[in-house]
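A quick write-up on the structure given underneath.
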Amino acid sequence: MTEDAQFTHAHMVRFDRLLQGSIEKVWAVLTDTRRLPGWYGTGTIEPQVGGRIELMGGHIRGVVTQWEPLQRLAYSWNVFNPGDTVSPYPESYLSLTLAPAGNDVALTLEHLPVLDRFVRLNAMGWHTYLDMVAAAARGEMVEARDTYMAKNARHYGVDLANPLA
């Protein structure tokens with residue numbers, strides 16, 4: 001044991017996307033769980049700093065840490081298994097940043113830390129989320145999450161039958 005600082009490395013996933021649609025529509029898709037039920041499931045994002053996050057029927061829980069309408073949403077991300085009162089995983093953080101880009105919207109998604117064993121699975125999941133957000137922002141019918149997951153699983157080399165392999 002040492003009293004000196006120790007330096008470690010943590011994985012982060014980052015996506016930069018250019019989305020069609022108004023910034024107001026993109027913000028609504030990111031913050032109103034009713035606009036993307038195929039991803040959020042039963043859930044709530046309380047629109048304020050300190051607001052409660054509960055997504056996918058309580059599988060994901062957190063707290064809003066930044067709420068800047070039409071610009072930035074950030075919240076803690078805690079994964080709970082059914083029946084858990086305490087998450088068995090480290091707390092992580094999701095940030096979504098928007099900026100006008102001509103007639104489009106530049107969206108940056110960052111999620112960290114990501115555990116080594118979840119890196120590819122995490123990237124596949126957020127890629128799926130962003131594909132669904134993009135379709136909703138364009139006003140298209142959003143396909144089932146499994147449709148996007150299958151495409152993105154191939155892209156990231158994830159076996160959906162054994163995703164942690």
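Values for this structure:
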| item | result |
| --- | --- |
| Point-to-point label distance, MET56-ASP32, nm (Cα→Cβ direction, 7 Å offset) | 2.4 |
| Residue list for the stretch 112-133, given a label point 7 angstrom along the Cα-to-Cβ vector of PHE15 and an amide N cut-off under 14 Å | 112, 120-133 |
| Trypsin sites (Lys or Arg not before Pro) within the stretch 46-140: DSSP coil, no more than 16 neighbouring Cβ in 10 Å | ARG138 |
| The stretch 1-100 - percent relative contact order, Cα under 8 Å, separation 6 or more | 16 |
| Neighbour cut-off at most 10 other Cβ (10 Å), DSSP loop, GluC sites (Glu not before Pro), the stretch 1-79 | GLU3 |
| In range of the label at SER87: residues from the stretch 102-146 whose backbone nitrogen is under 20 Å from the point 7 Å along Cα→Cβ | 109-130 |
| Unit charges on C-beta of K, R, D, E only; dipole of the chain, Debye | 420 |
| GluC sites (Glu not before Pro) restricted to the stretch 91-145 and DSSP loop, no more than 13 other C-beta within 10 Å | GLU91, GLU140, GLU143 |
| Residue-level accessible surface for ASP16, protein heavy atoms, 1.4 Å, Å² | 100 |
| Fraction in percent of alpha-carbon pairs per bin - 10 Å, the chain | 10, 36, 38, 13, 3, 1 |
| Euclidean distance of C-alpha centroids, the stretch 35-80 and the stretch 96-132, integer Å | 15 |
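The values are calculated or read from the model by the stated rules, or taken from the named source; none is laboratory data. The structure displayed is predicted, hence computed values, not measured ones. Quick reminder, even Gly has a Cβ in these numbers, built from the backbone with ideal geometry, and neighbours come from all protein chains shown. Ligands, DNA and RNA are excluded from the accessible area calculation, which covers all protein heavy atoms including side chains. Shrake-Rupley method; radii C 1.70, N 1.55, O 1.52, S 1.80 Å.
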